[in-house]
Amino acid sequence: MKILVAGSGKVGSEIVEKLSAEGHEITIIDNDTDVLESIMEDFDVIGVHGNAASLDVLEEAGTADAELLIAVTDMDEVNLLACMTARSVNENIKTIARIRNPDYRSQAYRMRDLFGLDMSINPEENAAVEIKRLLQYPGFLNIDTFARGNAEIVTLKIDAKSQLKDVKLNELNKIVHTQVLVAIVERDGQAIMPAGDFVLRENDRIHVTASTDNLSTLLRNLGILSRKVRNVMIAGGSTVGYYLAKELEGSGTRVKIIEKNQERCEKLAVALPQAQIIYGDASSQQFLESENISEYDALVTLTGLDELNIVISLYGHDRGVPTIITKLSHAENNRMLESLPIGSVISSKEMISSSIVRYVRSVQNTKGAALTVHIFANGAAEAIEFDVDEDTKHCGEELRAIHIKKNVLVGGISRNMRTEIPTGSSRFMPGDTLVVVADRELRIRELNDIFED
């Protein structure tokens, strides 16, 4: 596809990296010449200098024959105007705009036709939704949802006390007593698709496929679901913190937000009457002790500095907070962070770029295209959801009889709102939904791509 990306900040750069790796023709638009030249050099894309909302600049970038515009500048107004202008030039172009201001959320949806808007993205709100899901299942480092919410791929770390330490995978069900499948194991920087005789070791990160109904059972039988999260401390009154507090309203969860900017505290107190807003410095050990950090079920660090978030999370772990979630803007060095006890790591830009990759794949080919795509294991693997139709090969055959490509795994079969973790005797039929886990280098585009024949 010919794709225009307006804005070369953190999110824009991440989008360009992922989409250029997918083989798309990318043109990036930005006012910053230095940043523009750097991205052009790094990813071999075309660059256009200027204001992305300008008609002249959009025409220079090739809007007339482009198929998609992704507007992710730092200004919501520019993003909306860019989409509106692009649609006036090319009525067939699809558009995506980043809209971060809560004041524009409803307006952008209600006026989407006027703005020429096919999709809006809000990194902060998406991060808050993901954090809420992690708080619902304390113990998982990451959760990806498939099959209309009936299947999940979750991430766990094997620590020294884990019941899974030194266990062969073919003996796993004797411990968890529920139907799960270990799809990927990360060990020493490598992503491994394990066989049944694979032995789990301390410090392994495992990506497990399970039906949603079995998640709580899995945690409970592993002894890592101690209690439901009822008290959450949020370090940093950012926009993500605001959205998270709104998400937790009405769930019975008590929220305390610590913010060192007094004016921001006052605004949050008005916007979030059910939350406790505290004016103070979350980087101060003495202050955190005065706020009884050790009594909280969860700590979420959302300051604007990655280093500060890491330090606060480390202190929370030291004080025995059971669930910790750390937001990082720069998550490129995840493997360096894996040895640190900072809990789940959330990166808004990675979440948004992955959702855009899913959207791009879905519009490329309406028949047989992926429904959802989740990239995980530090970018080494992806879990892809497909509908099975009458053109899908090997319908009705047992999985053990089908020749599936190396480093591809069928991780789930969903039928009539129920998900089965497949065995060798499982079969898929038209109307089913499959979750496929694959080495990302294989570039699986359609369901039939997973078969050898």
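The values are calculated or read from the model by the stated rules, or taken from the named source; none is laboratory data. Bear in mind the structure is a predicted one, so any value in this text is a computation, not a measurement. So basically every Cβ, Gly included, is an ideal-geometry build from the backbone, and we count neighbours across all protein chains shown.
Brief remarks on what is shown
A quick yes/no check of all residues on (1) under 30 Å from residue 95 (Cβ atoms); (2) among the hydroxyl-bearing types (Ser, Thr, Tyr):
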| position | (1), (2) |
| --- | --- |
| 282 | no, no |
| 287 | no, no |
| 295 | no, no |
| 302 | yes, no |
| 323 | no, yes |
| 340 | no, no |
| 348 | yes, yes |
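- Flag if residue 141 is in contact with a Gly (Cβ under 8 Å, 6 or more places away or on another chain), touching a residue at least 24 places away in the same chain (Cβ under 8 Å) and over 16 Å from residue 421 (Cβ atoms): yes
- Among the candidates 289, 295, 259, 247, residue that is closer than 30 Å to residue 105 by Cα and surrounded by fewer than 23 Cβ atoms within 10 Å (Cβ to Cβ): 247
- Some residue of the stretch 179-186 being touching a helix residue (DSSP H, G or I) at 6+ places or on another chain (Cβ under 8 Å), at pLDDT below 90 and part of a loop (DSSP other than H, G, I, E, B): yes
- Residue in the stretch 103-124 that is small (Gly, Ala, Ser), part of a helix (DSSP H, G or I) and in contact (Cβ under 8 Å) with a residue 24 or more places away in the chain present: yes
- On inspection, residue 356 does not qualify as at pLDDT 80 or above, in contact with a helix residue (DSSP H, G or I) (Cβ under 8 Å, 6 or more places away or on another chain) and in a loop (DSSP other than H, G, I, E, B).
- Candidates are the residues of the stretch 147-178 that are among the polar types (S, T, N, Q) and assigned to a loop (DSSP other than H, G, I, E, B); the one that is farthest from residue 421 (Cα to Cα) is 162.
- Residue count for the stretch 7-48 satisfying the condition of being of a type in the set (A, V, I, L, M, F, W, C) and under 18 Å from residue 348 (Cβ atoms): 4.
- Residue check for residue 216: surrounded by fewer than 18 Cβ atoms within 10 Å (Cβ to Cβ), of a type in the set (S, T, N, Q) and assigned to a loop (DSSP other than H, G, I, E, B): no
- Count - residues of the stretch 50-75 that are under 15 Å from residue 9 (Cβ atoms) and outside any loop (DSSP other than H, G, I, E, B): 2
- For residue 19, the conditions (1) surrounded by 21 or more Cβ atoms within 10 Å (Cβ to Cβ); (2) without any contact (Cβ under 8 Å) to a residue 40 or more places away in the chain; (3) of a type outside the set (Ser, Thr, Tyr) all hold with the exception of (2).
- Number of residues in the stretch 241-286 that are in a loop (DSSP other than H, G, I, E, B), more than 17 Å from residue 128 (Cβ to Cβ) and touching a residue at least 24 places away in the same chain (Cβ under 8 Å) equals 3.
- Check on residue 98, buried (at least 20 other Cβ atoms within 10 Å of the Cβ) and either touching a strand residue (DSSP E or B) at 6+ places or on another chain (Cβ under 7 Å) or closer than 26 Å to residue 234 by Cα (or both): yes
- 3 or more residues not assigned by TED's automatic domain parsing to the domain that holds residue 384: qualifying strands (runs of 3 or more DSSP E) within the stretch 400-449: none
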